[in-house]
Amino acid sequence: MAQPPVRVLCTDWPPPKDISQLPAAAFLISALWRPGQTVTISFLDGEEWKKAWVEKVVHDYVQPHVNMVLMFGNYGAAADIRITFKYVNQAYSRVGTQSTWYKESRQQPESMNLGWLDEPHSGTFTWNGKQYTYPTCTWCGQNQNGSVIIHEFGHALGMIHEHQNPQGGIKWNVSEVMRYFSGPPNFWSTDDIQSNVLDKYSASLINGSAFDSASIMLYAFPAKLTLDGTATKANAVMSPTDIQWMTNIYGRPPLKTTEVEDKTLPASDPAPEPPSPVTPPPEEVPSQPTTNIPDVVHDASFFQKIGLGTLLAISFVLFTVLLITFLVKSQRK
């Protein structure tokens, strides 16, 4: 198996010259996307299997932890995040909303470069119903789950390198760091080494946690670069702290309609007793009137009860009595 080449360390991309005119806190706030926001992503070049592999890794390892929509599509240079595979053996990304700088610009068309992909060494994978074949690797890296993709998308969502955490625990051997990174493959200047390795962010500018040795944002540094001989390793997936940071900033993604929360009680807990049936109160019976007024006065349905025929008969009798009385009186006169 061929030995892997030494890869160039992921760098913080220099911001535009006018960034020094912005308040630091405002710059950091603007580097975070809005919770719930749709972020468009497009590929500027690359083989089809590479594009599919990046989408799959983001779908499996990044999207589940953020309340955002990471939308891949044919947006071209107008996309918020623009990915190229052009620069082999290099991986870098702008941080957060800095990715939107230079959209539709020929000067710096990409916001992210993926010079390697940490793919499996052989076999196939399926994405969006289509099967793709991994090419036989010319050299094989240790991680095979796309960890470099997760790392660079961590940057694109606003995460910084863990070794630059203001609460970082790395005690650098400065002279050895300078010698190491000034040589191949980085060939960095003193200023580059200072800004990309030794400098730490101000604690007042970072919303984060204590140093996390399991973070996906930590690089592997050999023991000779530290004063206490402590080496660090490259991690393949987001740590629990990484995920907590993501959800604190962007919120948890909503449950899909096909997902149901498991609310089953633990076996050790007895099932709660069902509530006792509630007996409804007796219906209130209206009180009867206390006066001796005939019921007919209070019964609005009196005339309905005696019937129309009976009412006409009574009227006829009364009319007849009145007529006879009138005739009798008339004869007496």
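The values are calculated or read from the model by the stated rules, or taken from the named source; none is laboratory data. All of these numbers come straight from a predicted model, not from anything done at the bench. Because the Cβ atoms are built from the backbone with ideal geometry, glycine has one as well, and the counts that use them run over all protein chains shown.
Within region 208-219, residues that are assigned by TED's automatic domain parsing to the domain that holds Lys233 and over 21 Å from Ser93 (Cα atoms) have Cβ atoms under 7 Å from residues that are at pLDDT 75 or above and among the aromatic types (Phe, Trp, Tyr) in these pairs: Ser209/Trp245, counting only partners at least 6 apart in sequence or on another chain. Total residues in region 94-124 satisfying the condition of being touching a strand residue (DSSP E or B) at 6+ places or on another chain (Cβ under 8 Å) and either closer than 16 Å to Asp45 by Cβ or of a type outside the set (Ser, Thr, Tyr) (or both): the figure is 12.
The number of residues in region 106-118 that are assigned to a loop (DSSP other than H, G, I, E, B) and surrounded by 15 or more Cβ atoms within 10 Å (Cβ to Cβ) comes to 7. Please tell me if Asn145 is under 24 Å from Val69 (Cβ atoms), surrounded by fewer than 17 Cβ atoms within 10 Å (Cβ to Cβ) and polar (S, T, N, Q). It is true that Asn145 is under 24 Å from Val69 (Cβ atoms), surrounded by fewer than 17 Cβ atoms within 10 Å (Cβ to Cβ) and polar (S, T, N, Q). The residue of region 116-166 that is farthest from Met217 (Cα to Cα), among those that are without any contact (Cβ under 8 Å) to a residue 60 or more places away in the chain and small (Gly, Ala, Ser), is Gly129. Within the set Trp53, Trp49, the sole residue that is crowded, with 20+ Cβ neighbours inside 10 Å and either acidic (Asp, Glu) or outside any loop (DSSP other than H, G, I, E, B) (or both) turns out to be Trp53.
If you go through region 223-248 and keep only what is touching a residue at least 60 places away in the same chain (Cβ under 8 Å) and hydrophobic (A, V, I, L, M, F, W, C), you end up with Ala234, Ala236, Val237, Met238, Ile243, Trp245, Met246. Here is a check on your reading of the model: is Lys256 at pLDDT 90 or above and either part of a helix (DSSP H, G or I) or over 15 Å from Gly169 (Cβ atoms) (or both)? So Lys256 does not fit the description; no.
All told, Asn74 falls short of being surrounded by 16 or more Cβ atoms within 10 Å (Cβ to Cβ) and either of a type in the set (Gly, Ala, Ser) or touching a residue at least 12 places away in the same chain (Cβ under 8 Å) (or both). Only one entry in Ser215, Ser268, Ser287, Ser204 is in contact with a helix residue (DSSP H, G or I) (Cβ under 9 Å, 6 or more places away or on another chain) and at pLDDT below 60, namely Ser204.
Residue-level check: of (1) closer than 18 Å to Tyr250 by Cα; (2) crowded, with 19+ Cβ neighbours inside 10 Å; (3) modelled with pLDDT of 95 or more, Gln63 misses just (2). Restricting attention to region 119-155, the residues that are part of a loop (DSSP other than H, G, I, E, B) and either in contact with a His (Cβ under 9 Å, 6 or more places away or on another chain) or not assigned by TED's automatic domain parsing to the domain that holds Arg82 (or both) total 6.
The residue that is farthest from the chain's Cα centre (by Cα), among those in region 167-195 that are without any contact (Cβ under 8 Å) to a residue 60 or more places away in the chain and within 26 Å of Trp101 (Cα to Cα), is Ser189.
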